[in-house]
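Encoded as structure tokens, the structure appears first; notes follow it.
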Amino acid sequence: MPITLHSESGADFTLISNAFIDNYMPQANGEFVKVYLYLLRCLGAKEASVSVSDIADKFNNTENDICRALKYWEKLGLLRLEAAGRSLSGICLLTPSSPAREPQPQASEPEAPAKTAGASGLTRERTDALCAQEDIKQLLFIVEQYVGRPLASSHVQTILYLYDGLHFSAELIEYLVEYCVSRGNKSFRYMESVALSWHEAHVATVEQAREISSQYNKTVFSVLKSFGIRGRNPVESELSYIRKWTGEYGFTLEIITLACQRTMSAIHQPSFEYADKILTRWRQQGVHHAADVSALDQQYQNTRRTASKAAASGNKFNNFDQRSYDYEDLERKLLNIP
């Protein structure tokens with residue numbers, strides 16, 4: 001549903017507070033910063049309304065990612081979320097204070113660690129205490145060897161967040177870094193994204209991580225194969241779609257590859273966007289198994305036969321010229337694909 005945006009100051013231009021830049025931005029997850037800045041920008045529009053899905057589409061994230069960002073800034077006191085029943089109806093941008101306060105879970109609504117994403121929320125004292133631990137010292141050294149360069153303070157904060165915020169063991173974090181580097185990606189933002197997906201899947205051991213990674217790798221490979229993509233790894237935006245289909249939508253590999261195959265049949269080229277529209281429609285239609293898709297196909301064919309019989313019967317509408325339809329073209333139009 002649309003969310004109304006408004007501000008305490010009533011300003012009609014984009015204004016970024018120095019307090020935000022100095023005290024909030026340095027420690028925040030970069031994706032969260034983008035969401036906050038986008039909200040500020042939206043306030044300057046004539047129609048100051050937006051939806052979670054709009055923001056997710058803007059940054060190619062999932063709606064859960066956007067909700068985590070909103071919750072994070074709410075806990076830091078930079079915005080107030082307003083609800084109408086169980087739905088989010090408004091976001092009030094508050095004036096940044098100095099210094100930033102740490103996000104604290106509300107007593108009436110405890111949050112799991114996965115809801116507070118990003119390498120943030122650690123005080124200097126807590127950071128120093130963690131870095132003094134022998135297992136952390138060794139872990140940071142090992143991470144440096146994997147990425148092949150000294151760690152910046154933001155990288156250290158990310159590792160400490162995984163250890164202290166997500167409660168990953170040093171062994172699990174080491175495997176996480178090894179896994180990401182082996183896939184050709186040394187980005188700490190990517191590592192954090194993988195870690196969050198593991199946390200949401202309740203991964204707590206290296207063995208569990210290996211199992212879920214194996215399943216995920218099989219899904220990624222199958223999607224690329226269905227699209228006829230060879231000789232390259234998927235980019236982050238493509239991985240985001242796959243995480244959405246497997247995580248948020250909960251689709252099986254069979255259903256996902258079926259959507260990819262239908263994409264190729266319909267437009268004759270790989271398109272994650274087109275496949276996403278197919279899977280979104282199937283989700284809305286209650287598809288859980290491949291048999292459900294077959295049932296929808298049969299229903300569609302029955303509707304076509306009924307329409308053909310009605311057209312062939314001698315009714316009063318036969319005075320009009322009968323139309324022939326390109327059903328693949330109709331499907332593309334239904335999915336808003338040119």
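Each label point was placed 7 Å from the Cα along the Cα-to-Cβ direction; for residue 21 and residue 299 their separation is 5.5 nm. Taking the fewest neighbouring Cβ atoms within 10 Å as the starting point, the ordered list for 72, 146 is 146, 72. What number, in percent, do you get for the relative contact order of region 207-264 if the mean sequence gap of Cα pairs under 8 Å and at least 6 apart is divided by its residue count? After rounding, I find 42 percent.
Cα-based radius of gyration for region 119-204, normalised by 2.2 N^0.38 Å, reads 1.00.
Note that region 220-230 has calculated 3J(HN,Hα) couplings of 4, 4, 5, 5, 4, 5, 5, 8, x, 8, 9 Hz, one per residue in order, obtained from phi through the Karplus relation 6.51 cos²θ - 1.76 cosθ + 1.60 (θ = phi - 60°); glycine and proline are x. Going down the table (218/277; 34/137; 58/186), which pairs top 29 Å between alpha carbons? Table pairs above 29 Å Cα-Cα are 34/137.
All of the numbers you see were taken from the coordinates with simple rules; none came from a lab. Source: prediction; values computed, not measured. All Cβ positions, glycine included, derive from the backbone under ideal geometry; neighbour counts span all protein chains shown.
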